[in-house]
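Worksheet: the structure to be examined is printed underneath.
The values are calculated or read from the model by the stated rules, or taken from the named source; none is laboratory data. In this text, all values refer to a predicted model and were calculated from it rather than measured experimentally. Cβ placement follows ideal geometry from the backbone for every residue including glycine, while neighbour counts extend to all protein chains displayed. Protein only, heavy atoms only, side chains kept; ligands, DNA and RNA dropped before computing areas. Shrake-Rupley method; radii C 1.70, N 1.55, O 1.52, S 1.80 Å.
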There are 2 protein chains.
Amino acid sequence: MSIREIPMNKVRITDAFWSPRQRLMTDVTIPYMEKILRDEVPGAAKSHAISNFRMAAGEETGEFYGMVFQDSDVAKWLEAAAYSLALKPDKELEERVDDVVALIGRCQQPDGYLNTYFTVKEPQNRWANLLECHELYCAGHMIEAGVALHEAVGKDELLHICIRLADHICDRFLQEDGLPGHQEIEIGLMRLYHATGNVRYRDMALRFLDLRGQDPQWFKKHTPAHPNVRYGDYDILPEDTAYNQSDVPMRQQTAARGHAVRQLYMLTAMADAAADTNDAEITAACDRLFDNITRKQMYVTGAIGSTSHRESFTVDYDLPADRCYGETCASVAMAFFAHNMLAIKPEGRYADLMELELYNAALAGMSLDGKRFFYVNPLAVDTSVSGIVPGYQHVLPQRPAWHACACCPPNLARLITSLGKYLWSANDDTVYSHLFIGSQAETKHGRISMESSYPWEGKAEYTIHDGGCFTLAIHIPQHAGKLQICINGKEVEANATDGYCHIHRNWQAGDRMSVAFDMPVRRLHAHPCVRDAAGKVALARGPLVYCVEGADHAEALTALILPDDAAIRPVVDGDLAGMITLQAEGLVQKASDQLYSADAPQTSPAPIRAIPYFAWGNRAPGDMLVWVREA
Amino acid sequence: MSIREIPMNKVRITDAFWSPRQRLMTDVTIPYMEKILRDEVPGAAKSHAISNFRMAAGEETGEFYGMVFQDSDVAKWLEAAAYSLALKPDKELEERVDDVVALIGRCQQPDGYLNTYFTVKEPQNRWANLLECHELYCAGHMIEAGVALHEAVGKDELLHICIRLADHICDRFLQEDGLPGHQEIEIGLMRLYHATGNVRYRDMALRFLDLRGQDPQWFKKHTPAHPNVRYGDYDILPEDTAYNQSDVPMRQQTAARGHAVRQLYMLTAMADAAADTNDAEITAACDRLFDNITRKQMYVTGAIGSTSHRESFTVDYDLPADRCYGETCASVAMAFFAHNMLAIKPEGRYADLMELELYNAALAGMSLDGKRFFYVNPLAVDTSVSGIVPGYQHVLPQRPAWHACACCPPNLARLITSLGKYLWSANDDTVYSHLFIGSQAETKHGRISMESSYPWEGKAEYTIHDGGCFTLAIHIPQHAGKLQICINGKEVEANATDGYCHIHRNWQAGDRMSVAFDMPVRRLHAHPCVRDAAGKVALARGPLVYCVEGADHAEALTALILPDDAAIRPVVDGDLAGMITLQAEGLVQKASDQLYSADAPQTSPAPIRAIPYFAWGNRAPGDMLVWVREA
């Protein structure tokens, strides 16, 4: 009994929190990204991505510039632009998208191959170095863009290009083994399979997935020496098999390790394949890694990747707050993975994770004005060291305007513009509502709409527009307090099973169901093995994790102490656009000119103001802290 | 009114704590080091240091091997061997020392030059690259060895070799500018000046000191390119002027930064020069840096150097416990510096620092059996990450037998074997006792002996053997509790000024003065800007800082909580050779399978056992923690 998402073209978001953010994307971020790709933003890091395509088409002369995977910036922008066109028709953007797609078409080689780096710079080395050269990665993103244009706005030119590209890949790699150096093609091929129904693409995705780890020496055997070329910011070592999860066969993996985005892209594709094939072994592997990540390797904000060294997972419970990597892309990919797990089985923990990432680690990647982006999402910033002292150089107190490696901004853009597809799914007898994001959905059981004042209040109201006999299954977040569900004003029994309340009923057109639950301020404590969080508390309310910022406190943030009995008040006040902040009477440890003292620390009362984590770094640059000392 | 140390040949240590450690040095460590230098220890990292000298003397063929400063291992061993011979005459060791000195003599070039690397490998490049090549550094250590053999055992052959070497250096660098890439020659030249009275060596030391920072571009201008040679484990960058403190003129420096050992060797020489010349400007610079280090950049154990990246200081209050560098050599050098400051002005803070280093950060560099050594001295070890995860790879849970870069073991050896000179000093009317280390001293005011049960008890008894009218100034540690001083059983007024109790009296032969002070367990708290110590407590008693070890606790050490009202009992028990451990009823936070929980943390009672920090890592490899959570 397969559960499928209700696609975004059947969902319209009308949400006080997310609709303005989608408009930011369509009106500000996506046009800005396009200008970046065209090198039209003075002062921003050079992209050259469109120029690379022009050179590959023989329409411009010069040198290839940028990362070996620079094409993927264009692909991810096209994917986001497709979703943007679906949200907000825009004739001029559509024409420019058509132009870029046509340009891409002119770059495609007669055999279907498509990659500007190898067309311009090393035509003799196509597919020669799968470990480092990202050709399959770029192809995966291009296929995602092609599918997005097809599904979101019915434009199929790029889809046809991508079918030729995918056929070229299948022709080659269904014959001879090839292991993608950076997982992503598997996601693209699964999406192409869903869009076309051609099982060859699913077979290819599964073959790529299943080859991983069969021979841990694979990359060592198949990576040519290239003494005079570097393909990335850092060397990818064939012997570091954990880096790209090629040390253990995919089905046998038990713990997340290596490059976090590679790990999560693989899991995203695995979950999609498992949902489609009912492969219990892959599902079990997905669940093992889901558990390992969420129970041992994930920051409280949803960030993953504890070390900047190769952007990687490290070991269980190693979650340093101030040297966190927490790449935005990895949190975006956590949402992808959780969303695909919901297609296997609608369990609340997957929706909880999707919610955590959307409202915290992923969303923090972007400034409130949609123009600046974090690659790294720390849980503590001390401006005396962050960005300065060795080991902290990747941790910035402010979002930069653009990155030379520009993977994160378009990843956020495609997530937020395609948010519609994360909200609802359905099977033959049930409609699932996963997130309290106000929207209207056309389901196989008729039209349903929902209004919500989330994330600020635990309230939502569903309206049934057509009626019918089916189950409405509402995800009740793990953090929800006392729950009340009323249908047409009359309370009904509300018991969540596996995180969902199932309301079976012969629904009538016009039926209204309200869901209300308490969202008390939560004091979160970490497992005692998390060194940086021991003895500390993180505040949360509803889906939001909070942090304290230097902008609100005169003292060092590490001097603040929140007594365990302090009343914490949700307060809407001045400078943060109507957000609910958390305020409490705390203490501050007085500083002396002594570094160490045998005297008991002196404290004095100090107000503490915590703001939503996603909103940090939008005022003057300063310190930030998620884990606050508790007394 | 110059205060001079009472030299070690006038002091005999008879101390229950230190005498066995000196015997370890003479009987175990120094013979072991010699075997290492001669490549006679199977399984230990190859040294080749003696072979390098044989090759430089033309008596062996082959390739130079080891660090460009490998000679300094021999020099530091010779210096330690000199002190060892003074502690314990040993005909065979003396003969072997003579042999090595004669070998060194045969390596010396006709013009006085002495360095095996440049004699064997790059004779054309003598003095060409002062930034990286350590010729002056090696010369400084060789001169220290020459002076040590002269002063400790009256053997002058190496002194004469070193005089020729120093003259060669003066001939060159009193004429043309030369900036030592690694401070050390300044210490050697000052010691040679004290030994010979030849002010030219002091002038040369001051010229080296004063040149530093005059032109921050000096190294950039004077470092030749060498594309095919690397002189060290990591490249030393001419533009990183803070690394070797050449960014600001020496007299104007205000804060410690860059390579910690370079900084402290410079301060050691500066203090020596300032004491000798009464240079108020250099004294003021020393005091500024002393204050900066001890009030903002020093770990509670006395360790310095917050980052393994170039073994350096970072910024104020950046003292990560688990990624600490805290090089043993840097703590040894802190003792050198503090000792030299006492010659300028006998203030308790200098003696306190000397004590802190001797009993904690420096001593921890060595295993209890004298055979294994730490280079890095962390304040927290979690064996799931230490030595494994990027950023923690330098942090080891156990002392290795030897290091390829073997600077630390002989530095500790020369400190401990020459401990006698750190204890007493005198001027025309006062005898100063700086440390409670049982000893007999021949002072200009007659013989004085002291017995002590330090560091386990705050008790010492002084005996005046000759008598006379003078002041006996006893350093009362900053941590001392209630103090009682009795002369011949009768209590006298005991007020410390600047950390010293001055007892002026017409002493009679046979007078006995007892000093007793409480040594309560101290709960130390750090300045709230020290991120890793916020909300935590470090235990100390007397001069000793304590830590908890995995060997004594079943739970994760980060789960342990010491209530702020817990009684802490000093207990002598079983497995640690009569040391006083600290024991308390603490709490342990229960772990669940959840990473984060909104439930209040559950705790249960748990005994906590803390052991002296210097003794950590001597049982089974495991976790260690200095800063324990406090409730």
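Here are the numbers:
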{"item": "Of all residues in region A:600-625 being outside any strand (DSSP E or B) and in contact with a Lys or Arg (Cβ under 9 Å, 6 or more places away or on another chain), the one that is surrounded by the fewest Cβ atoms within 10 Å (Cβ to Cβ)", "result": "A:Ala600"}
{"item": "Unmet requirement for A:Thr603, which otherwise passes all of (1) under 16 Å from A:Ala538 (Cβ atoms); (2) within 12 Å of another protein chain (Cβ to nearest Cβ)", "result": "(1)"}
{"item": "All positions within region B:357-379 that are outside any helix (DSSP H, G or I) and in contact with a Phe, Trp or Tyr (Cβ under 7 Å, 6 or more places away or on another chain)", "result": "B:Met366, B:Lys371, B:Val376, B:Leu379"}
{"item": "Total residues in region B:274-298, condition more than 17 Å from B:His259 (Cβ to Cβ) and either within 12 Å of chain A (Cβ to nearest Cβ) or small (Gly, Ala, Ser) (or both)", "result": "9"}
{"item": "Output for region A:505-516, where each listed residue is surrounded by fewer than 21 Cβ atoms within 10 Å (Cβ to Cβ) and part of a strand (DSSP E or B)", "result": "A:Arg505, A:Asn506, A:Gln508, A:Arg512, A:Ser514, A:Ala516"}
{"item": "Of all residues making up region A:443-463, the number that are touching a helix residue (DSSP H, G or I) at 6+ places or on another chain (Cβ under 9 Å) and either part of a strand (DSSP E or B) or open to solvent by 10 Å² or more (accessible area, probe 1.4 Å) (or both)", "result": "1"}
{"item": "Within region B:218-230, considering residues that are open to solvent by 40 Å² or more (accessible area, probe 1.4 Å) and in a loop (DSSP other than H, G, I, E, B), the one farthest from B:Glu281 (Cα to Cα)", "result": "B:Asn228"}
{"item": "Residues located in region B:134-152, provided they are of a type in the set (Val, Ile, Thr) and more than 19 Å from B:Gln70 (Cβ to Cβ)", "result": "B:Val147"}
{"item": "Of residues in region B:377-394 being open to solvent by 10 Å² or more (accessible area, probe 1.4 Å) and β-branched (Val, Ile, Thr), the one nearest to the other protein chains (Cβ to nearest Cβ)", "result": "B:Ile388"}
{"item": "Qualifying residue in region A:587-594 (condition: aliphatic (A, V, I, L, M), at the interface with chain B (Cβ under 9 Å from one of its Cβ atoms), part of a loop (DSSP other than H, G, I, E, B) and open to solvent by 50 Å² or more (accessible area, probe 1.4 Å))", "result": "yes"}
{"item": "Scope region A:75-116; condition of a type in the set (Phe, Trp, Tyr) and crowded, with 24+ Cβ neighbours inside 10 Å; matching residues", "result": "A:Trp77, A:Tyr83"}
{"item": "Residue count for region B:395-426, restricted to those that are closer than 21 Å to B:Asp511 by Cα and surrounded by fewer than 19 Cβ atoms within 10 Å (Cβ to Cβ)", "result": "0"}
{"item": "Region A:184-208: number of residues that are closer than 27 Å to A:Leu103 by Cβ and open to solvent by less than 50 Å² (accessible area, probe 1.4 Å)", "result": "13"}
{"item": "Selection within region A:164-183 - under 16 Å from A:Tyr113 (Cβ atoms), buried (at least 20 other Cβ atoms within 10 Å of the Cβ) and either hydrophobic (A, V, I, L, M, F, W, C) or not assigned by TED's automatic domain parsing to the domain that holds A:Ala255 (or both)", "result": "A:Leu165, A:Ala166, A:Ile169, A:Phe173"}
{"item": "The lone exception for A:Ile143 - which of (1) within 20 Å of the chain's Cα centre (by Cα); (2) open to solvent by 10 Å² or more (accessible area, probe 1.4 Å); (3) not acidic (Asp, Glu) it fails", "result": "(2)"}
{"item": "Exclusive hit being in contact (Cβ under 8 Å) with a residue 24 or more places away in the chain and either among the β-branched types (Val, Ile, Thr) or touching a strand residue (DSSP E or B) at 6+ places or on another chain (Cβ under 8 Å) (or both), set B:Lys421, B:Lys371", "result": "B:Lys421"}
{"item": "The lone exception for B:Gly468 - which of (1) on the phi < 0 side of the Ramachandran plot; (2) surrounded by fewer than 22 Cβ atoms within 10 Å (Cβ to Cβ); (3) more than 14 Å from every other protein chain (Cβ to nearest Cβ); (4) in contact (Cβ under 8 Å) with a residue 24 or more places away in the chain it fails", "result": "(1)"}
{"item": "Exclusive hit being of a type outside the set (Gly, Ala, Ser), modelled with pLDDT under 95 and assigned to a loop (DSSP other than H, G, I, E, B), set A:Asp233, A:Asp247, A:Asp215", "result": "A:Asp233"}
{"item": "Cβ pairs under 6 Å, 6+ apart, first in region A:34-53 and free of Cβ contacts under 8 Å to residues at least 24 places away in the same chain, second outside any loop (DSSP other than H, G, I, E, B)", "result": "A:Arg38/A:Ile50"}
{"item": "Residue count for region A:1-37, restricted to those that are modelled with pLDDT under 95 and among the basic types (Lys, Arg)", "result": "2"}
{"item": "Exclusive hit being closer than 29 Å to B:Asp322 by Cα, under 20 Å from the mean Cα position of the chain (by Cα) and away from chain B (no Cβ under 12 Å), set A:Ala333, A:Ala256", "result": "A:Ala256"}
{"item": "Conditions (1) touching a helix residue (DSSP H, G or I) at 6+ places or on another chain (Cβ under 8 Å); (2) open to solvent by 40 Å² or more (accessible area, probe 1.4 Å): number failed by B:Asp575", "result": "(1)"}
{"item": "Residues located in region A:504-532, provided they are within 10 Å of chain B (Cβ to nearest Cβ) and more than 27 Å from the chain's Cα centre (by Cα)", "result": "A:Pro528"}
{"item": "Subset tally (residues that are at the interface with another protein chain (Cβ under 8 Å from one of its Cβ atoms) and touching a residue at least 24 places away in the same chain (Cβ under 8 Å)) for region B:533-558", "result": "7"}
{"item": "Number of the exception - B:Met354 against (1) part of a loop (DSSP other than H, G, I, E, B); (2) away from chain A (no Cβ under 14 Å)", "result": "(1)"}
{"item": "Selection status of B:Tyr359, among the aromatic types (Phe, Trp, Tyr), open to solvent by 10 Å² or more (accessible area, probe 1.4 Å) and either over 28 Å from B:Tyr392 (Cβ atoms) or not assigned by TED's automatic domain parsing to the domain that holds B:Ala496 (or both)", "result": "no"}
